[in-house]
């Protein structure tokens, strides 16, 4: 199957990736190659087979709910591109009513 | 004494205990060698001179106050850490521009356990971006070069660690293996590399790629050097709920009797496309095990050829979720016009490399509505078949022996702009990750171009001790692991 440019742009949008036109063109071919190759999986009869999400038994271990120290705020903010007033500053997400 | 950097890790540990050398001298020797040759090899992304010398001085103080036999074997030993494992305060980039300048506020548990035992951290070693690749060509900070031939890749994604060990810039290195990323570079660089069982070593502080596949491992100049590193890192960590609580076995390397050992040789691993010299070297090594008394059986792992498509759907699917966190808000640079949501698109579009973008998109597609069952769901079911192949095989054999990679180290740029051809190179290493079992790569010869050839052992889940004892017995009787590149 060949992915169209529109499909590549739609996938990139879901993944929050801005692509150039050149990238759309190139990735369309490369991703189609991989998906074509992966199509052989559909020739395998798996009607009686359970999926493996993890090789370990999936359990959700519990621990006591105790207060423990965590790194100080300034240390965690030190890596942020735009810290301000002890917080992560981000572009406005909600437009206010006039 | 020969050059200090020519010692194996255990030889260096003995020299430290005998007082023949100090950790400071070992560390300076490694730092000098990095300065001398890493301009050509480019194994390191960051060299932590000051940290290393401070750790070395602390180690030397311990040797003065306590007798050496009570101290951990890694005390005072300079090592490298793959740049996907966090070291507190040290730049950790995952080979990506999107983490440029990131200094983690904590260390990975695997790193902490070695540092607490006194290991000396020389620096962070190169990797394909987010460990996605088989050559280090996907590092945003430039390719590493194979010390045996600088025009060849060192393999990947732990190519920096493998090149650093092979070129004797460090005594051992920490790597990670999600689809072969310890074993294949170990083979390409002629060193020994351990992929541990899924769950054996904590992944706290390992920056996530494919969470059902990621494992921490190590590379060293021989099997015996790997054992104390494994023993220190292994074991449950409350900070990683996927780390198993099973006890860590003691690794005994005292010339195991191989006469009880049954080694399976899977016919699906000796296929068209396998470089003839690789097949010859691997078969000769298998013959050597037969000569030492092991029973060799041909076995079948019938779903082997499906490991590539299964892996290249499951790993990208997990990666697409894991890498959603890189949004230019909490760490890394932010790009864009200062508007929502544009900044997300521009930051990720500009700062992720091509291979990372491809895998995020493959995973996004495989998980998207209407395609989930056909791609991700079906891949998870075929993964079950691959795991069942191993479960059946290990009823009859203790170990599986096979090539690590179809060829020796390929040329830089050889796979051009054809990612699928690169993925197909991973066919012999992916199955162990999909099944969660441990693997060990060790040198068994050279091709006519003088490039190392590796063989792989695989064992049942949590049976690392079996890998160690058989491979160590081989290295006790052979000398491939004692050859080093001239640099």
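Derivation of every value follows stated rules applied to the coordinates shown; laboratory data play no part. Note that the structure is a prediction, hence the values are computed from the model and not measured. Methodologically, a virtual Cβ is constructed for each residue, glycine included, from the backbone with ideal geometry; neighbour enumeration extends over all protein chains shown.
Computed quantities for the displayed model
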{"quantity": "Candidates A:26, A:68, A:40, ranked by Gaussian network fluctuation over chain A, Cα under 10 Å, top entry", "calculated": "A:68"}
{"quantity": "For the range B:1-132, projected area of the alpha-carbon convex hull averaged over all directions, nm²", "calculated": "8.3 nm²"}
{"quantity": "Mean projected area in nm² (Cα convex hull; one quarter of hull surface) for chain B", "calculated": "21.8 nm²"}
{"quantity": "At q = 0.23 Å⁻¹, base-10 log of I(q)/I(0) for the range B:20-93 (Debye sum, equal scatterers on each alpha carbon)", "calculated": "-1.10"}
{"quantity": "Neighbour-count ranking [beta-carbon atoms within 10 angstrom, fewest first] of B:482, B:408, B:112", "calculated": "B:482, B:112, B:408"}
{"quantity": "Reciprocal of mean inverse Cα separation for the range A:1-42 (Kirkwood radius, Å)", "calculated": "10.6 Å"}
{"quantity": "Gaussian network model of chain A, Cα within-10 Å springs - most flexible of A:36, A:82, A:21", "calculated": "A:82"}
{"quantity": "Efficiency of FRET from Cβ geometry, residue A:63 and residue A:6, R₀ 45 Å, rounded to 0.05", "calculated": "0.40"}
{"quantity": "Order of B:198, B:141 under a 10 Å beta carbon neighbour criterion, fewest first", "calculated": "B:141, B:198"}
{"quantity": "Rg in Å to one decimal, and Dmax rounded to a whole Å, for the range B:85-137 via C-alpha atoms", "calculated": "11.9, 34"}
{"quantity": "Between 0 and 90°, nearest 10: helix A:5-14 axis offset from chain A longest Cα axis", "calculated": "30 degrees"}
{"quantity": "Over chain B, relative contact order from alpha-carbon pairs under 8 Å, at least 6 apart, %", "calculated": "17 percent"}
{"quantity": "Cα-based shape type of the range B:289-338, given that a ≥ b ≥ c are square roots of the gyration tensor eigenvalues and the cut on a/c is 1.5", "calculated": "prolate"}
{"quantity": "Computed FRET value (nearest 0.05) for residue B:290 with residue A:21, which takes r as the C-beta separation and R₀ as 51 Å", "calculated": "0.30"}
{"quantity": "Percent of Cα pairs exceeding the 16 Å cut-off, where the set is chain A", "calculated": "79 percent"}
{"quantity": "Per principal axis, descending, Cα span of the range B:329-447 in whole Å", "calculated": "61, 39, 28"}
{"quantity": "Helix A:21-38 axis, angle to chain A major axis (alpha carbon atoms, nearest 10°)", "calculated": "60 degrees"}
{"quantity": "The protein assembly as shown - Debye-derived log10 I(q)/I(0), Cα point model, q = 0.06 Å⁻¹", "calculated": "-0.29"}
{"quantity": "Fully extended contour minus Cα-Cα distance, from residue B:103 to residue B:14, at 0.36 nm per residue", "calculated": "28.6 nm"}
{"quantity": "Convex hull projection area averaged over all views, the range B:224-369, Cα basis, nm²", "calculated": "14.8 nm²"}
{"quantity": "Cβ-Cβ FRET estimate between residue B:305 and residue B:254, R0 fixed at 41 Å, reported to 0.05", "calculated": "0.55"}
{"quantity": "Kirkwood-based shape ratio for the range B:61-208, expressed as Rg/Rh from alpha carbons", "calculated": "0.98"}
